[in-house]
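Peer 1: Take a look at the following structure, please.
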Amino acid sequence: MNSINIDPYTFIIAILIATIFWWLLSKARPLWSEARKSLAQRSATAQARRSSTIEQNYRRITFRRAQAMHLAASIFPLNDILTEPLLITPPVSLDPGVPPIADDLVTQTVPYLPAWTELAAVYKTAALTVDQALQGGSHLLIIGQPGIGKTVALAHLASLAANEDDRLRSVKTYLPVLLHVADLKLPIGDARNVLNPVIDLISSQMPLLDIPRVPSFITSSFKGGHVLFLLDGFDELTSEGQQEVSQFLKLLLQAFPKIQIVTTGAPEYLDGLIGLGFSPLSILSWSDQISRKFIQRWATAWTNSIANEMMARTTQVQVDSLLLTNWLSTDYNFLTPLELTLKVWAGFAGDVIGPHPLESISAHIRRIAPPGLPLAALDTLAMQAILSAQPVFDPRSARSWVREFETSEDQNGEETDKPIPDDQVKEPTETGKTRRTQKLLPKPTSGLLGRLVSSGMLITNIENRMRFIHPVFIGFLAGRGLSTNKGNDAILNQPDWSGKYLAMRYLSAHGDPSSIVQKLLEWSRLPMHRPVLAAARWLRDAPRDSAWSGKIFATLAALLQTEGIPLGLRGQALAAFMISGDPGAAALFRKMAASNSFELVQLAVLGCGGMKDSKAIPVLEKVLEAPSLSARRAACMALVAIGTNEALELVAHVLLNSEEDMRRAAAEALANHPDEGHAMLKDGITYEDILLRRAAAFGLARVEEEWAELLLQKVQVEDEQWVVRNAAAEGLESRSNGFQRAPRRMKAPSESRWLIEFAAKQGMGISPGKPATDLLLQALKDDDPDTRLAAMPYFKLYPTEGVIGQLYNAMYRDDPELREAVFLTLWEIGASGVKLAHPSQYGLN
């Protein structure tokens, strides 16, 4: 075998070269790493820049959309006339061992009525702003009657989120996704495609260059969890439609559990959402003070943007806005924000038909209806949409409903309802030019329906589906159509949904609902009495001498006087009397205020104040000496609500001379009176009387003005007495920690500290993922009242027959606080679609 000769010099040189090579490579490695990192950073920066651009565009577009989501969008952006929506603070869930958040005395005295918020508005009970309500992390259901401002609340929230407003605190950077249920194509066939309806809608709104990046942008936002999903219109749907939307939201939360959802609901119809962990929060009705502020804001906006244009178009003398404001401010008792808006609009526009809210609605319908269109066509369209249970309807069906009203021009101008090809869809830009976009909403249908869309009476949504601009208008028109077409039986036999009851309400204003009322009275029963309370909403607009209204009043009076049932139920009867405007209601309250029943006296007294009944002052003066502390507190509040000099002098006497608790009650009541009441509190905080200063501090804590906060800060530091300083500190804390009252996401039973401790005492365990119903029912029977109340929120998630039976038994115990908590839980269960049996089915009278 031949040997291989290796030159030693060559070998040494090769080793040296290899060594130098690897040494250079090792030295260059950090440079390569740095180069790779630099390239990655440049790529990330470019990606962030692209994402930032699309996010900025999206937020800007969302803000513009939100500012147009209100009735007067054709003349004002929302912020020009916005009165910030307030949500009634719900009873705080107890956690045994943790100090509860204390309510002021006013909130403790007024029953919590989520479906009838007018009483809370009169007495200004504790409330949250929409941004505060988000801070607990719970999914929210903003509920209220039609026209109370649910859509405006969502639009305001979307505007704050679009601008990353500091008021949003923990959700400041969340991306607002704002849409209407009519924008969703449901049901979702594949859970993996749950974001497709959202992506399609947002793509239709974005500039052309951003469209390719929308899917990744939206998907990454949802995966990150920093999304505020704002869904309007849930309250407008039938039960079937609500179940579809609930299933969509369930899939959405399963895929993206960190997002936060806010939607709207009717107090009686919340199918599927309570079980998903949504917390209902009621919008507070407008008080007199808020109504006056709204009228003033409207007058300012009108003068700045509309009045000059009207003067240029007409030679008629324009009425001074100050005179109009004063005239409009004389009568707005218990109008919804929608009704007051329409009344003010008609006053400034000069097309007032009459003083009644129904006439304000009618004036607006005439204002926006296409010229020459018979009103019967609108009545028919709305009536058929309600009778067919289609709040969002197909234009082909709608055309068949109103074909008899179409002119030859309408028929010649009709177009098919085929979708517009993607490459032919254009949208206007801010410069007036057009740009191509992906699959935008189809153009309005021509013909009669097209004229309604162009006028603003109808709105088009995905796949050219249509809906009326507001549920109140479809209800008003449908009710009027039913009254002339004898549609009582047809509407009554429908399954329950909000549109049905809204149409029946306006049917009662235009026709004779006697047969409907008789059936509702027959169906009404404990524990909720939902049918009669629904009909009670009709009393304000009913003829005073109608027999059917008398039957409702009689049933409400019996309900109000029934002992042993929750104040949450009796209070609804009280509110129905109060807002009916019937002159006999005040006399009835005065009579009931002299009753021997403390709870009835408390309710009747609140009713006297709600109706501003000055004739009740002597009766209220006697109640100030009653044995019941709650009744005496209510009397102070009612006297301030009446607001005459005589009434305020009685409250001032209590503030100066009564015992400590009543002095505080008087001071907190005076906080509701912005003139003499606030002046009394300013004076009271300077008196030598320690108890008076302490009471005045609690009163000032309820005054939502900057001067009151500055005064409390001064007292906290400078007052000589620690009891007064502590009261001022407590008041300042209550003003600053409103967000702490926001509803929080409920912990699973296996993660609840108090329930784990309770289970250990019972020798039981809690399995993760299991409902722990038996353990919770044991807690409901426990001797500790805090333990019983702490168990209550879980029962709405497990509404079995056994659970409902135990709740009934708990509600009829001699425990008023538990009784009210059980009633609230049963209300949520009933609103979720569960049929609640009469208590007699469980052996209770």
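The values are calculated or read from the model by the stated rules, or taken from the named source; none is laboratory data. Everything numeric in this text was worked out from a predicted model, so none of it was measured. Here Cβ is always computed from backbone atoms with ideal geometry, including for glycine, and neighbour counts include all displayed protein chains. These area figures cover heavy atoms from the full protein model, side chains too; ligands, DNA and RNA do not enter into them. Shrake-Rupley method; radii C 1.70, N 1.55, O 1.52, S 1.80 Å.
Peer 1: Mind checking which residues of the range 261-272 are modelled with pLDDT of 95 or more and either open to solvent by 10 Å² or more (accessible area, probe 1.4 Å) or hydrophobic (A, V, I, L, M, F, W, C) (or both)?
Peer 2: 261, 262, 266
Peer 1: A follow-up question, please. I'd like to verify a number: residues in the range 736-749 that are among the hydrophobic types (A, V, I, L, M, F, W, C), farther than 28 Å from residue 704 by Cα and buried (at least 17 other Cβ atoms within 10 Å of the Cβ), how many?
Peer 2: So in the range 736-749, the residues among the hydrophobic types (A, V, I, L, M, F, W, C) come out as 739, 742, 746, 748.
After this cut, where a residue has to be farther than 28 Å from residue 704 by Cα as well, the list is 746, 748.
Then drop every residue that is not buried (at least 17 other Cβ atoms within 10 Å of the Cβ), which leaves none.
Here the count works out to 0.
Peer 1: Can you confirm whether the range 750-758 contains a residue that is open to solvent by 10 Å² or more (accessible area, probe 1.4 Å), touching a helix residue (DSSP H, G or I) at 6+ places or on another chain (Cβ under 7 Å) and among the aliphatic types (A, V, I, L, M)?
Peer 2: Taking the range 750-758 first, the residues open to solvent by 10 Å² or more (accessible area, probe 1.4 Å) are 750-751, 753-754, 756-758.
Pick out the ones that are also touching a helix residue (DSSP H, G or I) at 6+ places or on another chain (Cβ under 7 Å) and you get 754, 758.
Add one more test, that the residue is among the aliphatic types (A, V, I, L, M), and what stays is none.
Checked against the condition, which is being open to solvent by 10 Å² or more (accessible area, probe 1.4 Å), touching a helix residue (DSSP H, G or I) at 6+ places or on another chain (Cβ under 7 Å) and among the aliphatic types (A, V, I, L, M), the range 750-758 yields no hits at all.
Peer 1: Since residue 542 meets every condition but one in (1) open to solvent by less than 20 Å² (accessible area, probe 1.4 Å); (2) closer than 26 Å to residue 383 by Cβ; (3) in contact (Cβ under 8 Å) with a residue 40 or more places away in the chain; (4) not basic (Lys, Arg), which condition does it not meet?
Peer 2: The failed condition is (3).
Peer 1: So, in the range 273-297, exactly how many residues are farther than 18 Å from residue 230 by Cβ and assigned to a loop (DSSP other than H, G, I, E, B)?
Peer 2: Final tally of qualifying residues: 4.
Peer 1: I've got another one for you. Here is a check on your reading of the model: is residue 604 modelled with pLDDT of 95 or more, closer than 20 Å to residue 335 by Cα and open to solvent by less than 10 Å² (accessible area, probe 1.4 Å)? Quick ask: steps written out before the conclusion?
Peer 2: On the way: modelled with pLDDT of 95 or more: yes; closer than 20 Å to residue 335 by Cα: no; open to solvent by less than 10 Å² (accessible area, probe 1.4 Å): yes.
No: the conditions fail for residue 604.
Peer 1: Output the number of residues of the range 190-230 satisfying the condition of being more than 17 Å from residue 179 (Cβ to Cβ), open to solvent by less than 20 Å² (accessible area, probe 1.4 Å) and not in a helix (DSSP H, G or I).
Peer 2: 1
Peer 1: Shifting gears a bit: List every residue pair whose Cβ atoms lie under 6 Å apart, where the two residues are 6 or more positions apart in sequence or sit on different chains, the first residue falls within the range 448-471 and is touching a residue at least 40 places away in the same chain (Cβ under 8 Å) and surrounded by 21 or more Cβ atoms within 10 Å (Cβ to Cβ), and the second residue, located anywhere, is among the small types (Gly, Ala, Ser) and in a loop (DSSP other than H, G, I, E, B).
Peer 2: So the pair list comes out empty.
Peer 1: Still on this structure, I have one more. Quick check on the range 664-675. Is at least one of its residues open to solvent by 80 Å² or more (accessible area, probe 1.4 Å) and part of a helix (DSSP H, G or I)? Outline the logic, then answer.
Peer 2: If we filter the range 664-675 for residues that are open to solvent by 80 Å² or more (accessible area, probe 1.4 Å), which is where we start, we get 675.
Narrowing the set further to residues that are part of a helix (DSSP H, G or I) leaves none.
Scanning the range 664-675 turns up no residue that is open to solvent by 80 Å² or more (accessible area, probe 1.4 Å) and part of a helix (DSSP H, G or I).
Peer 1: Which condition from (1) modelled with pLDDT under 95; (2) out of contact with any Ser or Thr (no Cβ under 6 Å at 6 or more places or on another chain) is the one that residue 438 breaks?
Peer 2: Against the list (1) modelled with pLDDT under 95; (2) out of contact with any Ser or Thr (no Cβ under 6 Å at 6 or more places or on another chain), residue 438 comes up short only on (2).
Peer 1: Sticking with this structure for a sec: In the range 304-343, which residue that is modelled with pLDDT of 75 or more and open to solvent by 60 Å² or more (accessible area, probe 1.4 Å) is nearest to residue 151 (Cα to Cα)?
Peer 2: It comes out as 333.
Peer 1: Given the criterion in a loop (DSSP other than H, G, I, E, B) and aromatic (Phe, Trp, Tyr), identify the matching residue among 794, 798.
Peer 2: Values: 794 fails: in a loop (DSSP other than H, G, I, E, B).
None of the other options fit; the residue is 798.
Peer 1: Can you name the residue in the range 473-490 that is out of contact with any helix residue (DSSP H, G or I) (no Cβ under 6 Å at 6 or more places or on another chain) and crowded, with 20+ Cβ neighbours inside 10 Å and, of all such residues, is farthest from residue 384 (Cα to Cα)?
Peer 2: Within the range 473-490, the subset out of contact with any helix residue (DSSP H, G or I) (no Cβ under 6 Å at 6 or more places or on another chain) is 473, 484-487, 489.
Still in the list and also crowded, with 20+ Cβ neighbours inside 10 Å: 473, 487.
Numbers: 473: 14, 487: 11 Å.
Among residues in the range 473-490 that are out of contact with any helix residue (DSSP H, G or I) (no Cβ under 6 Å at 6 or more places or on another chain) and crowded, with 20+ Cβ neighbours inside 10 Å, the one farthest from residue 384 (Cα to Cα) is 473.
Residues are listed down the side, and each one gets a yes or a no for (1) closer than 21 Å to residue 471 by Cα; (2) buried (at least 24 other Cβ atoms within 10 Å of the Cβ); (3) modelled with pLDDT under 95; (4) not small (Gly, Ala, Ser):
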{"position": "143", "(1), (2), (3), (4)": "yes, yes, no, yes"}
{"position": "161", "(1), (2), (3), (4)": "no, yes, no, no"}
{"position": "164", "(1), (2), (3), (4)": "no, no, no, yes"}
{"position": "185", "(1), (2), (3), (4)": "yes, no, yes, yes"}
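Peer 1: With respect to residue 714, determine if the residue is more than 32 Å from the chain's Cα centre (by Cα), open to solvent by 80 Å² or more (accessible area, probe 1.4 Å) and modelled with pLDDT of 95 or more. Give the steps one after another, and end with the answer.
Peer 2: Numbers: more than 32 Å from the chain's Cα centre (by Cα): yes; open to solvent by 80 Å² or more (accessible area, probe 1.4 Å): yes; modelled with pLDDT of 95 or more: yes.
Spelling it out, residue 714 is indeed more than 32 Å from the chain's Cα centre (by Cα), open to solvent by 80 Å² or more (accessible area, probe 1.4 Å) and modelled with pLDDT of 95 or more.
Peer 1: Tell me yes or no: at least one residue of the range 503-517 is part of a helix (DSSP H, G or I) and surrounded by fewer than 17 Cβ atoms within 10 Å (Cβ to Cβ).
Peer 2: Restricting attention to the range 503-517, the residues satisfying the condition of being part of a helix (DSSP H, G or I) are 503-510, 514-517.
The next check asks that each one be surrounded by fewer than 17 Cβ atoms within 10 Å (Cβ to Cβ); those that pass are 514-515.
Checked against the condition, which is being part of a helix (DSSP H, G or I) and surrounded by fewer than 17 Cβ atoms within 10 Å (Cβ to Cβ), the range 503-517 yields at least one hit.
Peer 1: Would a scan of the range 759-769 turn up a residue that is in a helix (DSSP H, G or I) and crowded, with 21+ Cβ neighbours inside 10 Å?
Peer 2: no
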